[in-house]
1. Between ASN43 and GLU102, how high is the FRET efficiency from 1/(1 + (r/R0)^6) when r is the Cβ-Cβ distance and R₀ = 25 Å? Nearest 0.05.
2. With angles folded into 0 to 90 degrees, how steeply does helix 210-225 sit against the dominant principal axis of the chain? Use alpha carbons for both and round to 10.
3. Given a Förster distance of 41 Å, report the FRET efficiency between MET56 and ARG204 from their Cβ-Cβ distance, rounded to the nearest 0.05.
4. Rounded to the nearest percent, how much of the accessible area of the chain (1.4 Å probe, protein heavy atoms only) is carbon and sulfur?
5. With +1 assigned to the C-beta of every Lys and Arg and -1 to the C-beta of every Asp and Glu, and no other charges, what is the dipole magnitude of the range 21-180 about the Cα centre in debye, to the nearest 20?
6. Would you mind checking the tilt of helix 133-142 against the longest principal axis of the Cα atoms of the chain, expressed as 0 to 90 degrees and rounded to 10?
7. For the range 141-250, rounded, prolate or oblate, judged on the Cα gyration tensor with a ≥ b ≥ c (square roots of eigenvalues), a/c < 1.5 rounded, else prolate if a/b > b/c?
8. Over the chain, give the accessible area per residue in Å² for a 1.4 Å probe, as an integer.
Amino acid sequence: MKILVLSPYTTGQKQKPDNPLQAEDCTSPERLEARIRELCGYNAEGWYGEDRDYSMPAGEMFSGPLNTQLRQGLKQIREHDQDGETTLDLYFPWYYCRVDGEMRQVNEKDIIVPFDTAPLHELEVLEFGGSGVPERTVDLIESYDLVFSLLRQDDIQSLQRVFEVERATTLIFLLAKSHKHVVNEDLPNLHVVETGSALQKSLRTTNWALKGVVLRRLCEAACRDGFQVFEQVKQDPQQLIEIARRPESE
């Protein structure tokens, strides 16, 4: 089974330059390219300095609790499934920080530079026929059997055109009850699994880490009980919470 995880960016980043990429740096392609080169270690004369290079793979950049928990789960699956019959791929939705300048979702292996995440709370709705990002996101989702969205409310609203499309792929959103309104649960193959304080307390974690913990626990259950748990969740997404709450010795 091919599984996709859409994860939000987090404030916690391993690379911490004094002047990370800012929203105003994205106002022109020339300025963006110059700032990314600077954050990749090149000075105005074009000389490279390793001590000035803040670029690294996206999957390693984000040190917040959600991504830390999520990556622990992915690591266990990848070490456990030597045949590669079950694949879990991690993508982030926003692309301005990409070193290669491509306007597409960021895979965990793609190289990025650190950036100020605050502007992500003021994202515009991306329309079809514009940047091409919504179309590429739809194609990405459709290439998988099962998709988990850990995205924030702002991310989902900006990509809402993507999530309004009827699709064959099972798409599961982890959302707090107060955020469920941002997706249309009447669409086929679109499901919401509620997170919240009760789940947070039962898993003994923080609100910041909760979604990552749920996915980590699912990965642990798959390694412990068999990879058929992914098919179980695909058929009945609400089982995700039951699986996450299982005692580890069970």
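The values are calculated or read from the model by the stated rules, or taken from the named source; none is laboratory data. Worth saying up front: this structure is predicted, and the values here are computed from it rather than measured. Here Cβ is always computed from backbone atoms with ideal geometry, including for glycine, and neighbour counts include all displayed protein chains. Just so you know, the surface numbers come from the protein's heavy atoms only, side chains and all, with ligands and any DNA or RNA stripped out. Shrake-Rupley method; radii C 1.70, N 1.55, O 1.52, S 1.80 Å.
1. Efficiency at R0 = 25 Å is approximately 0.55.
2. With rounding to tens, the tilt is 50 degrees.
3. After rounding to 0.05, the efficiency reads 0.85.
4. On the chain, the fraction of accessible area on carbon and sulfur atoms equals 46 percent.
5. 480 debye
6. 30 degrees
7. oblate
8. On a per-residue basis, the chain sits at 49 Å².
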